[in-house]
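S.K.: Have a look at the structure that comes next, please.
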Number of protein chains: 2
Amino acid sequence: MLLQSIPIKVTLANLKSSCASCALHELCLPMGLSAGDTERLDQIINVRHKTERGDYLYRSGGIFRSLFAIKSGFFKTFSLGDEGQEKITGFYMTGDILGMDAISSDRHHYNAVALEDSMVCEIPFSELEELAGSLPTLAHQFHKLMSREITQDQQHMLLLGKMKAEQRLAAFLLNLSQRFALRGFSSDHFHLRMTREEIGNYLGLTLETVSRTFARFQAEGILQVNHRDVTVKDSARLAALLDHYEPA
Amino acid sequence: MLLQSIPIKVTLANLKSSCASCALHELCLPMGLSAGDTERLDQIINVRHKTERGDYLYRSGGIFRSLFAIKSGFFKTFSLGDEGQEKITGFYMTGDILGMDAISSDRHHYNAVALEDSMVCEIPFSELEELAGSLPTLAHQFHKLMSREITQDQQHMLLLGKMKAEQRLAAFLLNLSQRFALRGFSSDHFHLRMTREEIGNYLGLTLETVSRTFARFQAEGILQVNHRDVTVKDSARLAALLDHYEPA
DNA sequence: CGAATGTTTGAACCCTTTCAAAGACGGTGG
DNA sequence: CCACCGTCTTTGAAAGGGTTCAAACATTCG
């Protein structure tokens, strides 16, 4: 497991707008920073946005100035082909950082849109780099977050390049489950924020195949599916579908 | 076998393998650094390895200490399933940096093996971070390189998730072609360092499909294929296969 | 030269896609 | 509050692109 933190429950009490009091402390950029250093980070995060479902955080081709940390909510990132076809590159939730692909060229290569009402912290990148220059712990944590994005993208390549539909959906659900658990939510009962089409798009399948695979999992007693509410009834069997894809 | 670290002092005698005189200056980590700063970077890159075809640079699960910059040669990175099935995550050539996925957990998640005799510069990561703390240009260039890896991985997801066999091979060949061109080699005639099986593995296809698609491209006059020597005879038509996948 | 590795080509099969139509849900406005 | 409409989902049947299995051929290297 990449993060070794104890699951954190997000409550109203700690939704105050500073890194120091943020529940995501241990998932996000401030991880490992002292109180004083967290305060310094706080000072460059001068904007905290409320975004509504459907709002764009950034668009492909737009100038890159800031990274965005998700304080609460759910996003998808995607590219658009020249005829409007969407290709989803990732789903991001509480504590995740968006926009790291844009550093290389000062422009965003993808779009990011909220799938539900969300709160995000805008982190001006040049100021982050400057601060990281004097806070080695911050620099290291930032490198770890970028590195984790690389690892996750490469794992997704494995999924797209080698797995059958059942395994793709199983891997997707287990991944979501683990990420929810890490954030203090139930790992075996959760609500999907995306449509079947978006799931299929992300997994390299059609929406029909996703729908049929959900139906099969339900028939086999692995899942209980009610529209977008999923209950994992037999996580062992779900995980067993991924045998042979575990790292050796 | 693991390569052993033997510090080498930078002297006039081996100046030819210093960053300052390296042809990859503009592709690699030193990009944008002053002569003096490049010298400082040079001093932490105390090992330059000669690796032979088949040598491992690192293995999945191994402790992460260093990044590796390819001075010359060609590598593949891959994961191994629990029954030995390989999944190739990338091909890397001159000027590319290997090992960035390992920063997040201090362990390598993938394997890296040379597909031809190569030369690599080993960059102790903790020293790189330390130096980057006092050289903002170096830090920024490093961030750009990590970011580029993310962008490229996500583009590969698009390929694996949406494209047909012909488009995958076309995208693969065009990508190789552009990378060779950037390094001063011919963009329309080059030698493949990998087998059909490795290409297929990387593209999410079987070796048979790769072979058949090469044959079709040749029959259509798009390519001239001789074993592993490829000549692009109609790059416009090759690129046209990727219409609709251009960023909007 | 012989064995191992890599490549080509053919034919049958299968998983997923594509096309189609009906059903369920949720939001909006009357 | 309910009817309506757009969006999303389910399910069926047919078609297709790629895989799988198989065999022959080429190439490389000890």
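S.K.: Report yes if some residue within segment B:228-240 is acidic (D, E), buried (at least 17 other Cβ atoms within 10 Å of the Cβ) and under 27 Å from B:G95 (Cβ atoms); otherwise report no.
M.R.: In the first step, residues of segment B:228-240 are kept if they are acidic (D, E); the result is B:229, B:234.
From what is left, the residues that are buried (at least 17 other Cβ atoms within 10 Å of the Cβ) are none.
The answer is no; no qualifying residue exists.
S.K.: Related question: Across segment A:222-239, what is the number of residues that are more than 11 Å from DNA strand D (Cβ to nearest atom) and out of contact with any Asp or Glu (no Cβ under 6 Å at 6 or more places or on another chain)?
M.R.: Matching residues across segment A:222-239 total 9.
S.K.: Here's a follow-up. Tell me which of these A:Q167 doesn't satisfy, since it passes every other one: (1) away from DNA strand D (no atom under 16 Å from the Cβ); (2) out of contact with any helix residue (DSSP H, G or I) (no Cβ under 7 Å at 6 or more places or on another chain); (3) within 13 Å of chain B (Cβ to nearest Cβ).
M.R.: All conditions are met except number (1).
S.K.: Within segment B:59-110, can you find the residues that are open to solvent by less than 10 Å² (accessible area, probe 1.4 Å), within 11 Å of chain A (Cβ to nearest Cβ) and in a strand (DSSP E or B)?
M.R.: B:L67, B:T77, B:F78, B:K87, B:I88, B:T89, B:G90
S.K.: Checking B:V120 against (1) part of a helix (DSSP H, G or I); (2) closer than 22 Å to B:M194 by Cβ, only one condition comes out false. Which one?
M.R.: So the condition that B:V120 fails would be (1).
S.K.: Return the residues of segment A:111-132 that are farther than 18 Å from A:F142 by Cβ and either small (G, A, S) or within 11 Å of chain B (Cβ to nearest Cβ) (or both); say none if nothing qualifies.
M.R.: Answer for segment A:111-132, where residues must be farther than 18 Å from A:F142 by Cβ and either small (G, A, S) or within 11 Å of chain B (Cβ to nearest Cβ) (or both): A:N111, A:A112, A:A114, A:S118.
S.K.: If a residue must be open to solvent by 40 Å² or more (accessible area, probe 1.4 Å) and near DNA strand C (Cβ under 7 Å from one of its atoms), how many such residues does segment B:206-227 contain? Please lay out each step first, then the result.
M.R.: Taking segment B:206-227 and keeping what is open to solvent by 40 Å² or more (accessible area, probe 1.4 Å), we get B:206-209, B:211-212, B:215-216, B:218-220, B:224, B:226-227.
This time we only want the ones that are near DNA strand C (Cβ under 7 Å from one of its atoms), so: B:207-208, B:211-212, B:215, B:227.
The total comes to 6.
S.K.: Just name the residue that is farthest from the chain's Cα centre (by Cα) out of those in segment A:133-163 that are under 25 Å from A:V210 (Cα atoms) and more than 7 Å from chain B (Cβ to nearest Cβ).
M.R.: By that ranking, first place goes to A:M163.
S.K.: Could you grab me the full set of residues in segment B:168-193 that are closer than 15 Å to B:F74 by Cβ, more than 13 Å from the chain's Cα centre (by Cα) and part of a loop (DSSP other than H, G, I, E, B)?
M.R.: Once the filter is applied, which keeps residues that are closer than 15 Å to B:F74 by Cβ, more than 13 Å from the chain's Cα centre (by Cα) and part of a loop (DSSP other than H, G, I, E, B), segment B:168-193 yields B:F185, B:L192.
S.K.: Give me the residue from segment A:189-205 that is within 9 Å of DNA strand D (Cβ to nearest atom) and open to solvent by 40 Å² or more (accessible area, probe 1.4 Å) and, out of that set, nearest to the other protein chains (Cβ to nearest Cβ).
M.R.: Filtering first and then ranking leaves A:E197.
S.K.: Taking segment B:138-164, which residues are part of a helix (DSSP H, G or I), over 18 Å from A:Q152 (Cβ atoms) and open to solvent by 30 Å² or more (accessible area, probe 1.4 Å)?
M.R.: B:H140, B:K144, B:K162
The values are calculated or read from the model by the stated rules, or taken from the named source; none is laboratory data. Here the structure is a predicted model, which means the values were calculated and not measured. All Cβ positions, even for glycine, are placed from backbone atoms using ideal geometry, and neighbour counts span all protein chains on display. Just so you know, the surface numbers come from the protein's heavy atoms only, side chains and all, with ligands and any DNA or RNA stripped out. Shrake-Rupley method; radii C 1.70, N 1.55, O 1.52, S 1.80 Å.
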